[in-house]
Amino acid sequence: MRRQRGSTTFEFALTVVIFGILAGVLLVRLNAIQQEAERTEVSLTLRNIRVGMQLAIGEHIMRGEEGRIGEVAAASPLDFLGHRPRDFNDGSVPPAPGQWSYDPVRRELGYLPRQPGAFADATELRWRYVARIDPSGRTVGVSLIGLN
């Protein structure tokens, strides 16, 4: 009987199928990791903006300049980051996925997701930047309110 060397066509096909299945599982998992990374990036950027707003207001309060809290409300929320977010769109070109923008007229912060599936298939995320005003009409704080 002649001894066979190498692998048969069946063994080769089985190896290709196994690698195909493993590659498919890897791609699905990689997509899930990318979505989670984008959600985390957006969440951290918003948290940093909110902390920056609180620090600016706290600084005015510590200096006894409560009347200047209105200046915080008049500024762009992105001013409180210390730097523009990665891929910030200043409005000179149409926004692309993965870019932040701020509309000073509508006072809205926006983000176009790279992976809409990470945000329940939302094609755009928006937050309104609003001043909190006490009953006497003084500005006492600011908030970012999610619109979607």
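The values are calculated or read from the model by the stated rules, or taken from the named source; none is laboratory data. Note that the structure is a prediction, hence the values are computed from the model and not measured. Cβ sites come from the backbone with ideal geometry, for glycine too, and all protein chains shown count toward neighbours.
Just the residues that are surrounded by 16 or more Cβ atoms within 10 Å (Cβ to Cβ) and either among the polar types (S, T, N, Q) or in contact with a helix residue (DSSP H, G or I) (Cβ under 7 Å, 6 or more places away or on another chain) (or both), please, taken from segment 82-99.
Pro85, Asn89, Gln99
Any residue at all in segment 32-41 that is without any contact (Cβ under 8 Å) to a residue 40 or more places away in the chain and at positive phi? If you could, list the steps in order and put the result at the bottom.
First, the residues of segment 32-41 that are without any contact (Cβ under 8 Å) to a residue 40 or more places away in the chain: 32-33, 37, 40-41.
Now drop any that are not at positive phi, which leaves none.
No, the conditions are met nowhere in segment 32-41.
Would you call Arg114 in contact with a His (Cβ under 7 Å, 6 or more places away or on another chain) and either of a type in the set (Val, Ile, Thr) or surrounded by 15 or more Cβ atoms within 10 Å (Cβ to Cβ) (or both)? If you could, list the steps in order and put the result at the bottom.
On the way: in contact with a His (Cβ under 7 Å, 6 or more places away or on another chain): no; either of a type in the set (Val, Ile, Thr) or surrounded by 15 or more Cβ atoms within 10 Å (Cβ to Cβ) (or both): yes.
For Arg114, the condition - in contact with a His (Cβ under 7 Å, 6 or more places away or on another chain) and either of a type in the set (Val, Ile, Thr) or surrounded by 15 or more Cβ atoms within 10 Å (Cβ to Cβ) (or both) - is not met.
From the list Val51, Val16, exactly one residue is more than 19 Å from Leu144 (Cβ to Cβ) and aliphatic (A, V, I, L, M). Which is it? Let's see the steps before the verdict.
Values: Val51 fails: more than 19 Å from Leu144 (Cβ to Cβ).
None of the other options fit; the residue is Val16.
Of all residues in segment 93-125, count the ones that are touching a strand residue (DSSP E or B) at 6+ places or on another chain (Cβ under 7 Å), over 28 Å from His60 (Cα atoms) and not aromatic (Phe, Trp, Tyr).
Number satisfying all stated conditions: 5.
Go through the residues of segment 127-140 one by one and say whether even a single one is within 13 Å of the chain's Cα centre (by Cα), at pLDDT 90 or above and closer than 14 Å to Ile49 by Cα.
Here is the first cut: in segment 127-140, the residues within 13 Å of the chain's Cα centre (by Cα) are 127.
Those left that are additionally at pLDDT 90 or above: 127.
Checking which are closer than 14 Å to Ile49 by Cα leaves us with 127.
Within segment 127-140, one or more residues are within 13 Å of the chain's Cα centre (by Cα), at pLDDT 90 or above and closer than 14 Å to Ile49 by Cα.
Only one of these is of a type in the set (D, E, K, R), touching a Leu at 6+ places or on another chain (Cβ under 8 Å) and surrounded by 10 or more Cβ atoms within 10 Å (Cβ to Cβ): Arg68, Arg50. Name it. Quick ask: steps written out before the conclusion?
Details: Arg68 fails: touching a Leu at 6+ places or on another chain (Cβ under 8 Å).
Among Arg68, Arg50, only Arg50 is of a type in the set (D, E, K, R), touching a Leu at 6+ places or on another chain (Cβ under 8 Å) and surrounded by 10 or more Cβ atoms within 10 Å (Cβ to Cβ).
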